[in-house]
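The values are calculated or read from the model by the stated rules, or taken from the named source; none is laboratory data. Computed from a prediction, not measured in an experiment: that's the story for all the values here. Glycine gets a Cβ as well: all are built from the backbone with ideal geometry, and neighbour counts include every protein chain shown. Areas reflect the complete protein model, heavy atoms only, side chains present, ligands, DNA and RNA absent. Shrake-Rupley method; radii C 1.70, N 1.55, O 1.52, S 1.80 Å.
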Amino acid sequence: MVLENFEIGIIGAGDMGMLYARRFKQAGYAVNICDTPDRYSELQAKYGHLGLNILRDGYAVSRRSDFIIYSVPAVNIGRIVEEYGRATKMGAIVAGQTSVKTPEIQAFEKYLPDDVHIVTCHSMHGPNIDTKGQPLAIIRYRSDDKHYRMAVEALSALESRVIYLTYEEHDRITADTQAATHLS
């Protein structure tokens, strides 16, 4: 089910951001997306035919979106949330796509308004793999029940296999997985 009059915003039009944008659009959502302002014309030319609302910057995405996903490199999350977080629509839901959640949660706590709901996520696969059936961690950090259910419903458009975790559990699992990968 698509949430009616519910706009999804994605800040970061890299490979994962575009994967999410396509999936949400296919499900019937209005999708607002941006990257760095200098890429605006490039994104219009490359993706304008997809029916996405390609916007100039994160301010425009944040002001009009009901669910905002920061799809940016983990190393940049603090700087980007600091820049655009204050423009977040009142009562919006905010998530991030970073593979390490502690710095993301810290940035959200520091730079987002108190009236924003934080229900973050992490698709535990790369951008060249379809989201269908792949693991998706959903992390409820600061949200009432209504907005949490809305976030879960919107994320169901990805058709992923959902795992509910805290951000601490997520970071412990990803650290253990990365250590095992590097040791083998």
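Residues in the stretch 143-160 that are more than 19 Å from Ser99 (Cα to Cα) and of a type outside the set (Phe, Trp, Tyr): Ser143, Asp144, Asp145, Lys146, His147, Arg149, Met150, Glu153, Ala154, Ser156, Ala157, Glu159. In summary, strands (runs of 3 or more DSSP E) completely within the stretch 84-179 and bearing 2 or more residues that are at pLDDT 95 or above and open to solvent by less than 20 Å² (accessible area, probe 1.4 Å) occur at 93-96, 117-123, 135-142. One residue stands out among those in the stretch 51-75 that are within 14 Å of the chain's Cα centre (by Cα) and farther than 18 Å from Ile8 by Cβ: the one that is surrounded by the most Cβ atoms within 10 Å (Cβ to Cβ), which is Ala74.
Here Glu159 clears all of (1) touching an Asp or Glu at 6+ places or on another chain (Cβ under 6 Å); (2) at positive phi; (3) not hydroxyl-bearing (Ser, Thr, Tyr) except the condition numbered (1). Scanning the stretch 14-50 for residues that are open to solvent by less than 40 Å² (accessible area, probe 1.4 Å), without any contact (Cβ under 8 Å) to a residue 40 or more places away in the chain and in a loop (DSSP other than H, G, I, E, B) yields a count of 1.
Among the residues of the stretch 76-98, those identified as under 17 Å from Val119 (Cα atoms) and either touching a Phe, Trp or Tyr at 6+ places or on another chain (Cβ under 6 Å) or among the aliphatic types (A, V, I, L, M) (or both) are Ile77, Val81, Gly85, Met90, Ala92, Ile93, Val94, Ala95, Gly96.
Within the stretch 120-132, residues that are farther than 11 Å from Ser160 by Cα reach partners that are open to solvent by 10 Å² or more (accessible area, probe 1.4 Å) and among the charged types (D, E, K, R) with beta carbons closer than 6 Å, at six or more positions or on different chains, in the pairs Pro127/Asp15.
Just checking, which of Tyr20, Tyr84, Tyr40 is of a type in the set (Ser, Thr, Tyr), closer than 18 Å to Cys121 by Cα and touching a strand residue (DSSP E or B) at 6+ places or on another chain (Cβ under 8 Å)? If you could, list the steps in order and put the result at the bottom.
Values: Tyr84 fails: closer than 18 Å to Cys121 by Cα; Tyr40 fails: closer than 18 Å to Cys121 by Cα.
The match here is Tyr20.
Here's the yes/no breakdown for (1) over 23 Å from Leu19 (Cα atoms); (2) touching a residue at least 40 places away in the same chain (Cβ under 8 Å):
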{"residue": "Asp57", "(1), (2)": "no, no"}
{"residue": "Ser65", "(1), (2)": "no, yes"}
{"residue": "Val72", "(1), (2)": "no, yes"}
{"residue": "Asp115", "(1), (2)": "yes, no"}
{"residue": "Ile163", "(1), (2)": "no, no"}
